Amino acid sequence: MKLPSSIKNWISITGTVLATFNLASIVSLMVLNSVFGFGGSYIGLFIYIVLPAFMVFGLILIPVGMRINSKRARKAEQEGEPLKWPIIDFNNPAVRNAGIIFIVGTVFLLIISSIGSYEAFHYTESVEFSGKLCHQVMEPEYTTYHGSSHERVACVECHVGSGASWYVKSKLSGLYQVYSVLAKKYPKPIPTPIENLRPARETCEQCHWPEKFYDRKMRIQHAFLADDANTENIIHLQFKTSSKMTANGVEKGIHQHISPEVKIEYKAVSEDRQVIPWVRYTNSITGESVVFTDSENSYTEVELDAMEVRVMDCLDCHNRPSHDYQVPQNFIDKSLAEGRISKDLPSIKLLAMIALNQEYPTKDSAFYAIKTQVKEYYEMIDPDMLTHRKADVEQAIAQIQRDYSNNIFPEMRSSWRYYPNNIGHMEAEGCFRCHNDRHRSDSGKVISKDCNLCHDILAQGTPGNIVYSSSFESLDFEHPVDIDEAWRVESCSVCHTALY
């Protein structure tokens, strides 16, 4: 089979070899990946993005080389006589063979490229692409995502959503993110909230409808004191996520904040939205509007006017829906309650808290410190513990290290200290940013701090000594440690802080 002599040049030959090699590599890797699982999550980057780019570059080199070589050949043969439009003569076997190869090859490569483009689109939308491509940078988000209730929801469902416009915006934003990673320009930790995140009504509300009825939720919480006996305290909380009809009328629940009948606006002092000095409540039906200002964080009218007015939505409370960096006391309590750490190991909660509330430069140094501190304590207090309870001690150390690695990431400085969770009010101000008895209107109305606005305590106490509510009326909270009435006036986060 004859081919045009113009193809006999190093540029075209190089392009042919490059295109052929990359096509063969793509096919081989696709077979290895689909049949044997070769390459893990990273292989898709090469199959659908990197190798096709080199293959296309090789294909471009073929006609470029032919064009350069044909010009030189014609000039030499025709003694400098300029050519008109090139003549394609399919009666010439060489031209006919080249034409058939070019047409068939082009159609084949177009099909392959279309499939590759489709797969590339889906690969860049995948959780693995988002979480594993930049391993160190995205490790905190990827790890906490897999520990969340949204683990089966793809990253792009929340960060991008549907529609071409937001897809284009996300890819343009991604270009800068790629540059930041390559040039190591990214901050540690990654700042939140994300300014260009799509509004919750276009993402969250595709599944969680404001108009949908959500029944009240029961949550049983187990907490352990940092004492020698790891004293367990249990509390049954019924969260008022829905409204309830009572003899006194409708008792509104937590989700009234996003009710279609209500519009709540606020102004925050800084980008983290942890200090809110101004709130405006508007009833969409009656038109009633009330402004509340914080008496202890007072700002002048000029300062308030300079602040951005934001409409409250889901993410103002659910600000860590998929990337919750839990505080040490919470994830250790969970491990103790579920038996992954033995509850009868003396002072194990205290030891975990001491080790986990220290700053470490790397994960390895944290693991070493956790292991060393636990063993040194038992060597000092009860050396026999490391002999007759060796398995329990080793299991406790391993679980504390595992919990650390799932919630604290020293290389990126990502932890509960930098990402407060606004749900509740224990470790961060959360609800108490507004519900603090300090936000008052000109007429004297107050945004109440009353615990029973959001939840009822139906049972509380230690195992074997739990007090139950007999009429589904809320019990008065009893702090597991005697601090008198301090819990009524001080914010919980003063002691249970998760802030900087």
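Could you tell me the calculated FRET efficiency between Phe36 and Lys185, based on Cβ-Cβ distance and R0 = 56 angstrom, to the nearest 0.05?
On the way: r = 38 Å, r/R0 = 0.68.
Between Phe36 and Lys185 the formula returns 0.90.
Loop only per DSSP, at most 13 neighbouring Cβ atoms within 10 Å: give me the GluC sites (Glu not before Pro) in region 319-386, ordered by residue number.
Glu338, Glu359
Any idea what Rg and Dmax come out to for the chain if you just take the C-alpha atoms, in Å?
32.1, 109
Eigenvalues of the Cα gyration tensor times 5, then square-rooted: what semi-axes does that give for region 431-473, in whole angstrom, largest first? Write out the running numbers ahead of the final one.
Values: eigenvalues 205, 25, 8 Å².
So the equivalent ellipsoid measures 32, 11, 6 Å along its semi-axes.
Which shape class applies to region 336-487: rounded if a/c is under 1.5, otherwise prolate when a/b exceeds b/c and oblate if not, where a ≥ b ≥ c are the square roots of the Cα gyration tensor eigenvalues?
Values: a/c = 3.06, a/b = 1.62, b/c = 1.89.
Oblate is the answer for region 336-487, as a/c is 1.5 or above yet b/c matches or exceeds a/b.
Alpha carbon centre of region 292-306 versus region 394-453: separation in Å?
24 Å
Using a ≥ b ≥ c from the Cα gyration tensor of region 128-186 (square roots of the eigenvalues), is it rounded, prolate or oblate, where a/c under 1.5 gives rounded and otherwise the larger of a/b and b/c decides, a/b for prolate? List each step's numbers first, then the result.
Details: a/c = 2.95, a/b = 1.06, b/c = 2.78.
The shape class here is oblate.
Relative to the present Cα-Cα distance, how much length would full extension add between Glu205 and Ile381 at 0.36 nm per residue of separation?
Values: separation 176, 0.36 × 176 = 63.36 nm, distance 5.44 nm.
Using 0.36 nm per residue and subtracting the Cα-Cα distance, I get 57.9 nm.
At 0.36 nm per residue, minus the direct Cα-Cα distance, what do Glu359 and Ser441 gain on full extension? Give it in nm, one decimal, please.
On the way: separation 82, 0.36 × 82 = 29.52 nm, distance 4.26 nm.
Between Glu359 and Ser441, full extension yields an extra 25.3 nm.
Can you tell me the order of 407-418, 322-333 when each peptide is scored by its average per-residue count of other Cβ atoms within 10 angstrom, highest first? Could the numbers behind the result be given before it?
On the way: 407-418: 19.6, 322-333: 22.2.
Going from most to least packed, we get 322-333, 407-418.
Relative to the present Cα-Cα distance, how much length would full extension add between Val104 and Val56 at 0.36 nm per residue of separation? Can you show the working numbers first?
Working: separation 48, 0.36 × 48 = 17.28 nm, distance 1.61 nm.
In short, 15.7 nm is gained.
I need the peptides 393-402, 487-496 ranked by packing, meaning the mean over residues of other C-beta atoms within 10 angstrom, with the highest value on top.
Values: 393-402: 19.0, 487-496: 13.6.
Result, highest mean first: 393-402, 487-496.
If r is the Cβ-Cβ distance from Phe90 to Ser405 and R0 is 45 Å, what FRET efficiency results, to the nearest 0.05?
Values: r = 67 Å, r/R0 = 1.49.
Here the calculated transfer efficiency is 0.10.
With a point put 7 Å past each Cα toward its Cβ, work out how far Val275 is from Leu304 in nm, to one decimal.
1.6 nm
For the charge dipole of the chain, defined by +1 on Lys and Arg C-beta atoms and -1 on Asp and Glu C-beta atoms about the Cα centroid, which residue among Phe432, Pro410, Leu356 has the Cα displaced farthest towards the positive pole?
Going by the Cα projections, it comes out as Pro410.
Would you kindly calculate the mean projected area, averaged across all directions, of the convex hull enclosing the Cα atoms of region 263-385, in square nanometres? Don't skip to the answer; put the middle values down first.
Numbers: hull surface 51.6 nm².
Answer in nm², one decimal: 12.9.
Sort the following peptides by mean Cβ neighbour count (other Cβ atoms within 10 Å, averaged over residues), highest first: 224-235, 468-479. List each step's numbers first, then the result.
Values: 224-235: 17.0, 468-479: 11.2.
My ranking of the peptides, most packed first, is 224-235, 468-479.
Among Cys492, Ile370, Leu175, whose Cα sits farthest toward the positive end of the charge dipole of the chain (+1 at Cβ of Lys/Arg, -1 at Cβ of Asp/Glu, about the Cα centre)?
Of the candidates, Leu175 comes out farthest on the positive side.
Under a Cβ-only charge scheme (Lys and Arg +1, Asp and Glu -1), can you give me the dipole magnitude of the chain about the Cα centre, in debye to the nearest 20? Numbers along the way, then the final one.
Numbers: 49 positive and 60 negative charges, 662 e Å.
The calculated dipole for the chain is roughly 3180 debye.
Calculated FRET efficiency, Thr231 and Lys334, Cβ-Cβ r, R0 22 Å, to nearest 0.05?
Working: r = 17 Å, r/R0 = 0.75.
With a Förster radius of 22 Å, E is 0.85.
Placing +1 on the Cβ of each Lys and Arg and -1 on the Cβ of each Asp and Glu in the chain, which of Ile190, Ile47, Ala223 has its Cα farthest towards the positive end of the resulting dipole?
My answer, from the dipole projection, is Ile47.
No value in this document is a laboratory result; all are computed from the given coordinates. Values in this document were obtained by computation on a predicted structure and should not be read as measured data. All Cβ positions, glycine included, derive from the backbone under ideal geometry; neighbour counts span all protein chains shown.
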